[in-house]
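The values are calculated or read from the model by the stated rules, or taken from the named source; none is laboratory data. This one's a predicted model, so the numbers in the text were calculated from it and none came from an experiment. Every residue, glycine as well, gets a Cβ built from its backbone with ideal geometry; the counts of neighbours run over all protein chains shown.
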Amino acid sequence: MSEEEKKEENVRVGIFVCHCGSNIGGLIDCHKLAEESKELPFVAHAEDNLYTCSETGLAAIKKAIEEHNLNRVVVASCTPRTHEPLFRECISEAGLNPYLFNFVNIRDQCTWVHMKHAQEAYDKAKDLIKMGAAKAVKLEPLEMIMVNITPAAMVIGGGVAGMSAALSLSRQGFKTYLVEKEDKLGGRLNSLYKLFPYDIDASEFIGNIISNVQNAKNLEILTSSQVINIEGFVGNFEVEVEHNGTINTFEIGAIIVAVGSSILDPTGLFGYDGNKRITQFELESKLKNNKINQKDIIMIQCVGSRIEERPYCSSVCCMTALKNALNIKDQNPEAHITILFRDLYTPGTEYEEYYRKAREQGVLFVKYDPEKMPVIEETQVKVFNEYINTEMTIPYDLLVLSTPLVANDDNKELAQMLKVPLEANKFFLEAHVKLRPNDFATDGVYIGGSAKWPVDITESISQGYAAASRASTILSHDTIEVEGATSCLPEYNKSLCTGCEVCVKVCPFNAIIKNEDDEIEIIEALCKGCGVCAATCTNQALVIRHFTDDQIMSEIFAYGGE
């Protein structure tokens, strides 16, 4: 008997089928599924639970491990994205290596997508469990990788989100560097007049935050500075920052991206000329200087947004138009203001009340159809009013265009340095919009503010604090454990490696390098175990721990019945 066969002879697999309330159990018979799973090779125990992730369900797993001497655990349930860490911790508390656990997704990949075909969903769940159990037999214990942490953070971007994050981290006692490419902090707020919905003076508001930042301990401000290179991994980043031709290198444990966004230049849209036809942003400076003396003012919403090129709503444009309309009324009560809109976005009771206030102040609202766009003439606008089903001609002295926030032109360059993705509109893409909204897929790098999507001031501040909170979970430790399921070049495979460097070129995380001895080396703390390197290795020298060829083939053979 081979060593491999001897190992497998002692394998005892436990299978736990979760009803997930009615998400799984409402379509297929989970008890029957568990009973049939008992007949699979090496399965010593199988049971079903209403909620396996509940305290009762986790206790059942621990009890079964002890009573049935289980050394492999399979949970057939929802999704590893949310629950795999929980079950790994559970079996670890019961004395098993956390990598002797296998997750089988029979909700997202089965009952949810086949909810109109109960029998077929049951058959598929049965196959998925059979495959999962087969892989579990081949699982091997792995060790988590320990990484030392440098207790310092860098926040890239000195707007309201970046300053909020930097203040939070510095007040927690972490050395923090705040990098801003402009010559002063504050970002776009320096140019605004007032802030909705309370009409707070923008300069006073941002001035207080800047003062707090400048007087904060543990916080170093780097204005007129640009990040030009980032190397390393979670807890151990080396960031090069250029300032007036001088390059300084900082050792950083965590990085927060708060670079904000830009405002669309509407050149070529609605006769924009920067004089009689301006943007809401340009209107702000006129309001600050009390230079609004025009009598007839028209605002047009969704200029350059919610179109094929830019299909998204910019979130802040409607409230900005309402705010500026009210500010104009304060300065010039005799002004006639008309807002042409497709839809009005005023979320929450406070913002809705702000809209009502604008109506009470005499601001008129005309809904237009994107199929019948307003026609701009020299002194008047022709628009088809959907409410009264007729075309209107409205005179104007000043035309104000509400343009969207757009991604910065240099986002791609920064994303490549950080090894993080951008979404279709070139904003930064978080790890998960609901589960990890302030994380990137790259460990140790976090996101806040309108760098990831257009948000207002209150949301920017909240996200800045949230990103700082996430970063502090790293910085507050001397060491952390990172994923052990990584790529490796086993000693017994080194002779297969020809040093062709294909793996170096294809690794999306730059986790593979050629070391001083001209040998392929894998930086495990950077590796995400994605498998691209192993799939492209011409000599099959590389192995992905927890997803070895043997483990994957065992699933294929189990499904095929061989």
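The figures follow:
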| quantity | calculated |
| --- | --- |
| In the stretch 394-424, the residues that are among the aliphatic types (A, V, I, L, M) and either touching a Gly at 6+ places or on another chain (Cβ under 6 Å) or in contact (Cβ under 8 Å) with a residue 24 or more places away in the chain (or both) | Ile394, Leu398, Leu399, Val400, Leu401, Leu405, Val406, Ala407, Leu414, Met417, Leu418, Val420 |
| Filter result for Glu66 (more than 18 Å from Val137 (Cα to Cα), in contact with a Lys or Arg (Cβ under 9 Å, 6 or more places away or on another chain) and surrounded by fewer than 14 Cβ atoms within 10 Å (Cβ to Cβ)) | no |
| Qualifying residue in the stretch 289-297 (condition: in the same structural domain as Tyr272 (by TED's automatic domain parsing), over 17 Å from Arg277 (Cα atoms) and of a type outside the set (Phe, Trp, Tyr)) | yes |
| Near pairs, Cβ below 6 angstrom, 6+ apart or cross-chain, from the stretch 211-233 (more than 14 Å from Ser164 (Cα to Cα)) to any residue that is outside any strand (DSSP E or B) and of a type in the set (D, E, K, R) | Thr223/Glu180; Thr223/Asp183; Ser224/Asp183; Gln226/Lys181 |
| Lone qualifier among Gly245, Gly235 - being under 25 Å from the mean Cα position of the chain (by Cα), under 30 Å from Ala415 (Cα atoms) and not hydrophobic (A, V, I, L, M, F, W, C) | Gly235 |
| Residue identified as in contact with a His (Cβ under 6 Å, 6 or more places away or on another chain) and either surrounded by 12 or more Cβ atoms within 10 Å (Cβ to Cβ) or not assigned by TED's automatic domain parsing to the domain that holds Phe440 (or both) among Ala525, Ala535, Ala485 | Ala485 |
| Answer residue from the stretch 94-149, given it is small (Gly, Ala, Ser) and in contact with a helix residue (DSSP H, G or I) (Cβ under 6 Å, 6 or more places away or on another chain) and is farthest from Arg72 (Cα to Cα) among those | Ala121 |
| Search result, residues across the stretch 446-473 that are within 18 Å of Pro404 (Cα to Cα) and not in a helix (DSSP H, G or I) | Lys452, Trp453, Pro454, Val455, Asp456 |
| Residue in the stretch 397-415 that is among the basic types (Lys, Arg) and touching a Leu at 6+ places or on another chain (Cβ under 8 Å) present | yes |
| Single unsatisfied condition, Tyr492 versus (1) out of contact with any strand residue (DSSP E or B) (no Cβ under 7 Å at 6 or more places or on another chain); (2) in a loop (DSSP other than H, G, I, E, B); (3) more than 21 Å from Gly187 (Cβ to Cβ) | (2) |
| Qualifying residue in the stretch 320-337 (condition: out of contact with any strand residue (DSSP E or B) (no Cβ under 9 Å at 6 or more places or on another chain), acidic (Asp, Glu), assigned to a loop (DSSP other than H, G, I, E, B) and over 23 Å from Asn425 (Cα atoms)) | yes |
| Any chance Thr346 is in contact (Cβ under 8 Å) with a residue 24 or more places away in the chain and in contact with a strand residue (DSSP E or B) (Cβ under 6 Å, 6 or more places away or on another chain) | no |
| Among the candidates Met154, Met146, residue that is surrounded by fewer than 16 Cβ atoms within 10 Å (Cβ to Cβ), of a type outside the set (S, T, N, Q) and more than 30 Å from Glu555 (Cα to Cα) | Met146 |
| Qualifying positions in the stretch 234-265 - touching a strand residue (DSSP E or B) at 6+ places or on another chain (Cβ under 7 Å) and without any contact (Cβ under 8 Å) to a residue 24 or more places away in the chain | Glu238, Glu240, Glu242, His243, Ile247, Asn248, Thr249 |
| Answer from Gly304, Gly348 - the residue that is modelled with pLDDT under 95, on the phi > 0 side of the Ramachandran plot and within 27 Å of the chain's Cα centre (by Cα) | Gly348 |
| Single condition Ile457 does not satisfy, out of (1) in contact (Cβ under 8 Å) with a residue 60 or more places away in the chain; (2) not assigned by TED's automatic domain parsing to the domain that holds Gly232 | (2) |
| Scan of the stretch 425-445 for residues that are in a strand (DSSP E or B) and free of Cβ contacts under 8 Å to residues at least 60 places away in the same chain, ordered by number | Arg436, Asp439 |
| Test: Glu240 is within 28 Å of the chain's Cα centre (by Cα), surrounded by 13 or more Cβ atoms within 10 Å (Cβ to Cβ) and not hydrophobic (A, V, I, L, M, F, W, C) | yes |
| Val104 being assigned to a strand (DSSP E or B) and under 30 Å from Thr479 (Cβ atoms) | no |
| Selected residue (only one of Ile297, Ile292, Ile339 is at pLDDT below 95, over 27 Å from the mean Cα position of the chain (by Cα) and either among the hydrophobic types (A, V, I, L, M, F, W, C) or under 28 Å from Glu371 (Cα atoms) (or both)) | Ile292 |
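One line per residue, one yes/no per condition, for (1) assigned to a strand (DSSP E or B); (2) within 15 Å of Phe16 (Cβ to Cβ); (3) over 27 Å from the mean Cα position of the chain (by Cα):
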{"position": "Ile61", "(1), (2), (3)": "no, yes, yes"}
{"position": "Val73", "(1), (2), (3)": "yes, yes, yes"}
{"position": "Arg81", "(1), (2), (3)": "no, no, no"}
{"position": "Leu86", "(1), (2), (3)": "no, yes, no"}
{"position": "Gly95", "(1), (2), (3)": "no, no, yes"}
{"position": "Tyr99", "(1), (2), (3)": "no, no, no"}
